Amino acid sequence: MIPSAFAYSRATSLQDALIQLQSHEDAKLLAGGHSLLPLMKMRLATPSKLVDLGGLKEELRGVRREGDRLIVGALTTHSEVAHSKVVQESLPALSEAARQVGDLQVRNRGTVGGNIAHADPASDLPAIALAFDAEIVVATLDGTEVIPAHEYFLGPLLTALPEHGLVTHVSFVLPDPGTQTVYEKYPHPASGYAVVGVAAAGGVGTDGTVSHIRVAITGAGEVAYRASAVESALAGQTPTEETIRAAAAQAAADGDIAGDLFASEEYRRHLCQVYTARALRRVFASQLA
Ligand SMILES: Cc1cc2nc3c(=O)[nH]c(=O)nc-3n(C[C@H](O)[C@H](O)[C@H](O)COP(=O)(O)OP(=O)(O)OC[C@H]3O[C@@H](n4cnc5c(N)ncnc54)[C@H](O)[C@@H]3O)c2cc1C
């Protein structure tokens, strides 16, 4: 299918992108184009103008560690995240999630900023963002806004991104040393999107009980969520097959679980439990051994 007519220009700087975005009614930013172009071809999006961010790689691309944070630029592709040594060493769950996004073409073109801005409910990154207290850093012509992930994802394709806002980077809080971080996903067999994706992180104290635990789930419902009931059930417990199973049984409790043509609501609830248990077994593998 063919999109409706639109103007196109390549932004020469961040400021230029913001000015162009604001000065054209219905203008849209273009990053990797893997979500926007299909929508345009189906005429579900009919922007009057595309402002291409492709020339802003100096400003918006790359991964770096800053203190206890991992900063990922908006134009960084999923492939770059997956192959980054810094990500592999400091936040393996993010590396694991990036490796599982779509297929090679999607990972080579799709960007972290586009993924977070588009906020598909089956995207992988929202689970990682929630599990690791990410901040979404947004530039507007009025300045910079920092939006915590738990206030950012509001619904399917719905976020707290301000009108005419441009995501510049995403900043993840790195877990304490010794924390195991994992991402487990049941991918849709055609697209690779998460039917259910579970990000988990945790560790035990000197007494062998769970001292900290984070679980966030994407794909299962209208919007990604922290699985607080799982976390409460496991905190302070000795990790065993029984305590993990009991905690994972709560995996759907905090979500607005939904069914679709591919997976019924009941099946997704089941997948939430199964994939949460898998993730927790990996987090606490050395205690279970
Ligand atoms: C076949 C297929 C399979 C996929 N599988 C997966 C998967 O398994 N897991 C997954 O997580 N994702 C998946 N995706 C999505 C993909 O990973 C991209 O992240 C996603 O398409 C958006 O990134 P993009 O750079 O292509 O954004 P674009 O398509 O260019 O933009 C998407 C939206 O975000 C806006 N935007 C882009 N950049 C910014 C910015 N910096 N600031 C503000 N707004 C911005 C655009 O205006 C547009 O509205 C899949 C996509 C396809 C086509």
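The values are calculated or read from the model by the stated rules, or taken from the named source; none is laboratory data. Everything numeric in this text was worked out from a predicted model, so none of it was measured. Heads up, the Cβs are rebuilt from the backbone with ideal geometry, glycines too, and the neighbour counts pull from every protein chain shown.
For the stretch 121-152, the set of residues classified as in contact (Cβ under 8 Å) with a residue 60 or more places away in the chain, of a type outside the set (A, V, I, L, M, F, W, C) and surrounded by fewer than 17 Cβ atoms within 10 Å (Cβ to Cβ) consists of Thr140, His150, listed by residue number. Remark: His24 matches the filter, which requires a residue to be away from the ligand (no atom under 11 Å from the Cβ), outside the structural domain of His164 (by TED's automatic domain parsing), crowded, with 16+ Cβ neighbours inside 10 Å and of a type outside the set (A, V, I, L, M, F, W, C). For the stretch 16-44, taking the residues that are farther than 25 Å from Leu104 by Cβ and without any contact (Cβ under 8 Å) to a residue 24 or more places away in the chain, the one that is nearest to the chain's Cα centre (by Cα) is identified as Lys28. For the stretch 225-259, filtered to residues that are acidic (Asp, Glu) and part of a helix (DSSP H, G or I), the residue that is surrounded by the fewest Cβ atoms within 10 Å (Cβ to Cβ) is Glu242. Take the conditions (1) hydroxyl-bearing (Ser, Thr, Tyr); (2) closer than 24 Å to Ala149 by Cα; (3) in contact (Cβ under 8 Å) with a residue 40 or more places away in the chain; Ser48 misses just one of them, which is (2). Among residues of the stretch 3-21 being in a loop (DSSP other than H, G, I, E, B) and touching a helix residue (DSSP H, G or I) at 6+ places or on another chain (Cβ under 7 Å), the one that is surrounded by the most Cβ atoms within 10 Å (Cβ to Cβ) is Ala11.
Taking the listed residues Val283, Val274, the one that is over 22 Å from Leu174 (Cβ atoms) and either out of contact with any Ser or Thr (no Cβ under 9 Å at 6 or more places or on another chain) or of a type outside the set (Asp, Glu) (or both) is Val274, with no other qualifying. The sole residue among Gln88, Gln105, Gln100 that is near the ligand (Cβ under 9 Å from one of its atoms), surrounded by fewer than 22 Cβ atoms within 10 Å (Cβ to Cβ), under 23 Å from Arg282 (Cα atoms) and modelled with pLDDT of 95 or more is Gln100.
Here is the figure for the stretch 22-37: residues that are assigned to a loop (DSSP other than H, G, I, E, B) and of a type in the set (S, T, N, Q) total 1. Against the conditions (1) hydrophobic (A, V, I, L, M, F, W, C); (2) surrounded by fewer than 19 Cβ atoms within 10 Å (Cβ to Cβ); (3) in a helix (DSSP H, G or I), Phe262 satisfies every one except (3). When the residues of the stretch 38-53 are filtered to those that are touching a strand residue (DSSP E or B) at 6+ places or on another chain (Cβ under 8 Å) and outside any loop (DSSP other than H, G, I, E, B), the one that is farthest from the ligand (Cβ to nearest atom) is Lys49. Can you find even one residue in the stretch 214-223 that is among the small types (Gly, Ala, Ser), in a loop (DSSP other than H, G, I, E, B) and farther than 17 Å from Ala279 by Cα? No, the stretch 214-223 contains no residue that is among the small types (Gly, Ala, Ser), in a loop (DSSP other than H, G, I, E, B) and farther than 17 Å from Ala279 by Cα.
Taken over the stretch 48-66, the criterion of being modelled with pLDDT of 95 or more and more than 14 Å from Leu30 (Cβ to Cβ) is satisfied by Arg61, Gly62, Val63, Arg64, Arg65, Glu66.
Where helices (runs of 4 or more DSSP H) fall wholly inside the stretch 74-119, the ranges with 3 or more residues that are in contact (Cβ under 8 Å) with a residue 40 or more places away in the chain and under 21 Å from Phe153 (Cβ atoms) are 92-99, 112-118. I'm trying to understand the selection: among the residues of the stretch 63-73, which are without any contact (Cβ under 8 Å) to a residue 40 or more places away in the chain and within 14 Å of the ligand (Cβ to nearest atom)? Of everything in the stretch 63-73, nothing turns out to be without any contact (Cβ under 8 Å) to a residue 40 or more places away in the chain and within 14 Å of the ligand (Cβ to nearest atom).
Screening Leu60 against (1) more than 8 Å from the ligand (Cβ to nearest atom); (2) crowded, with 20+ Cβ neighbours inside 10 Å; (3) aliphatic (A, V, I, L, M); (4) more than 24 Å from Pro156 (Cβ to Cβ) leaves a single unmet condition, (1).
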